[in-house]
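One structure is given here, and the rest of the page talks about it.
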Amino acid sequence: MERLANKRILLGITGGIAAYKAAELVRQLRDADADVQVVMTEAACEFITPLTMQALSGHTVHTDLLDPRAEAGMGHIELARWADLILIAPASADFMARFAHGHGNDLLSTLCLATGAPIAVAPAMNQQMWADRATQKNLLILQEKGVHVFGPGSGDQACGENGAGRMLEPEELAQHAAEVFDYQLLTGKHVVITAGPSRESIDPVRYITNKSSGKMGFALAEIAAEAGARVTLIAGPVNLPTPSRVTRVEVMTAREMYDAALAAVADDCAIFIATAAVADYRPAVTADHKIKKSTEEIHLTLVKNPDIVAAVAGHEHKPFTVGFAAETQDVIASARTKLAKKGLDMIATNDVSGQNVGFNSDNNAVTVIWPGGHKVLPLASKRQIAKQLIELIGIRYQG
Ligand code: PMT
């Protein structure tokens, strides 16, 4: 089931008594960390209310092809593009017939035509209807199109008859849905990443910070999500959009980042990557009002911030912990010292004395070091560096 983590499932519900089981199916899919949106045909709404499905899926339910409100938000083409899998459960005989013959006369059939995602149907109907030659012909057409067919099962039917045509149970359907997806490097793993600077207030208008833009950490979050991970991105104050399928937690200070990191680590975190440039010190006191310019000198007392990555590495449920090191001299030796001192599994060090790498640049060049080995990742875009780094982390994590 972990293959469903982070996957976007569009659940189509058509008219049939088995529609009530779609509620439990949504629960099963969401328990496996899939994001679920629901599309219902007019007939489906006679069996179960859109409100129920909205409450369970956490999204507005889509029912109409020509709904101006829906088109202004997520239109049908966008919805078709959004899905990683369209699962129609229950799929009635009528829907299978319309789908087999390429009809686009309601939202669900249109989505099936417009999507590039895999499609699966879970037939549910009376046993005579299932055995009917027309239904069996439609089934063949759908199978030839590459549509996955889950079930149907056999047994007692709501109409009092007995035979093939029962929709599979929600748990079986969720399992079949998971099997549509391949295992990826980080499938189902919770990856927590810190990014950007921290900001430590001196008074209401002044603060101590650094030049981190968040670009390196955001690139890592994007690539980790693409590799199948469930990603929590703990971001300091930066001006970047949240990558797709990533949960962003916004923080300001090092202490907020520390709290957010430890909370995320307690949530079954497999891999922790500390990309953030955390302020090592903060003002001992934050003035309540703007400090006046009255004297020639002003003295700030700074106190040490907690070391986030060291605390994570020392956690009783320690994840595979990766640090970064921003160095301007003795780059490799200093990183090796940090690797050992902070108890890390791996560290990526960048020489930030140049203009083209490190802080705020779109590029980076790092040397990745772990106990007993290292690898140089030469100058490339931060996305390219993130790709290589996530692959290395995935391999060493599994090893
Ligand atoms: O954000 P960008 O503009 O894209 O720039 C990327 C980057 C240069 C910030 C990034 O590549 C990088 O080097 N990040 C680490 C910066 C840093 O603070 O390095 P450090 O050597 O001071 O810290 C070592 C490690 O300890 C880091 O993983 C850091 O996140 C962590 N740390 C440091 C202090 C602290 N209080 N808590 C920590 O967790």
Point to revise | Scan of the range 238-251 for residues that are out of contact with any Ser or Thr (no Cβ under 7 Å at 6 or more places or on another chain) and buried (at least 16 other Cβ atoms within 10 Å of the Cβ), ordered by number | key: 240, 243, 245, 246, 251
Study note, to complete from the structure: Note on the range 178-196: residues surrounded by fewer than 24 Cβ atoms within 10 Å (Cβ to Cβ) and not small (Gly, Ala, Ser) are 179, 180, 181, 182, 183, 184, 185, 187, 190
Revision key, fill the gap. Residue set 360, 305; condition in contact with a helix residue (DSSP H, G or I) (Cβ under 8 Å, 6 or more places away or on another chain), on the phi > 0 side of the Ramachandran plot and in the same structural domain as residue 266 (by TED's automatic domain parsing); output residue 360
Exercise for review: Check whether at least one residue in the range 265-282 is free of Cβ contacts under 8 Å to residues at least 60 places away in the same chain, hydrophobic (A, V, I, L, M, F, W, C) and within 15 Å of the ligand (Cβ to nearest atom), and report yes or no.
Suggested key: no
**Study point:** One residue from 378, 306 being at pLDDT 95 or above and touching a strand residue (DSSP E or B) at 6+ places or on another chain (Cβ under 6 Å)
**Key:** 378
Check your understanding: Does residue 219 fit the bill of being within 12 Å of the ligand (Cβ to nearest atom), closer than 22 Å to residue 7 by Cα and modelled with pLDDT of 95 or more?
Key -> yes
Practice item. Test residue 182 against the criterion of being away from the ligand (no atom under 16 Å from the Cβ), of a type outside the set (A, V, I, L, M) and at pLDDT below 95, and give yes or no. Key: yes
Review point. When the range 255-302 is examined, which residues are found to be out of contact with any helix residue (DSSP H, G or I) (no Cβ under 8 Å at 6 or more places or on another chain), open to solvent by less than 70 Å² (accessible area, probe 1.4 Å) and either of a type in the set (Gly, Ala, Ser) or outside the structural domain of residue 387 (by TED's automatic domain parsing) (or both)?
Key: 260, 263, 264, 277, 284, 287
**Study point:** Selection status of residue 383, under 19 Å from residue 193 (Cβ atoms), of a type in the set (Lys, Arg) and either within 13 Å of the ligand (Cβ to nearest atom) or surrounded by fewer than 14 Cβ atoms within 10 Å (Cβ to Cβ) (or both)
**Key:** yes
Review point. What residue, of 249, 231, is within 16 Å of the ligand (Cβ to nearest atom), within 24 Å of residue 310 (Cβ to Cβ) and not in a loop (DSSP other than H, G, I, E, B)?
Key: 249
Point to revise | Neighbours by Cβ (under 8 Å, 6+ apart or cross-chain): first from the range 342-356, in the same structural domain as residue 394 (by TED's automatic domain parsing) and at positive phi; second more than 8 Å from the ligand (Cβ to nearest atom) and part of a strand (DSSP E or B) | key: 343/321
Review point. What do you reckon, is residue 197 more than 11 Å from the ligand (Cβ to nearest atom) and at pLDDT 95 or above?
Key: no
Point to revise | Residue that is surrounded by fewer than 18 Cβ atoms within 10 Å (Cβ to Cβ), out of contact with any Pro (no Cβ under 9 Å at 6 or more places or on another chain) and either outside any helix (DSSP H, G or I) or modelled with pLDDT under 95 (or both), where the choices are 175, 128 | key: 128
Study note, to complete from the structure: Conditions (1) farther than 20 Å from residue 167 by Cβ; (2) at pLDDT 95 or above; (3) among the small types (Gly, Ala, Ser); (4) touching a His at 6+ places or on another chain (Cβ under 9 Å) -> residue 55 fails only (4)
Check your understanding: Looking at (1) among the polar types (S, T, N, Q); (2) within 23 Å of residue 158 (Cα to Cα); (3) under 25 Å from the mean Cα position of the chain (by Cα), which is the one condition that is false for residue 37?
Key -> (2)
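The values are calculated or read from the model by the stated rules, or taken from the named source; none is laboratory data. Predicted, not measured: the structure shown is a model, and the values here were computed from it. Neighbour counts run over all protein chains shown; Cβ positions are idealised from the backbone, glycine included. SASA here: full protein model, heavy atoms, side chains in, ligands and nucleic acids out. Shrake-Rupley method; radii C 1.70, N 1.55, O 1.52, S 1.80 Å.
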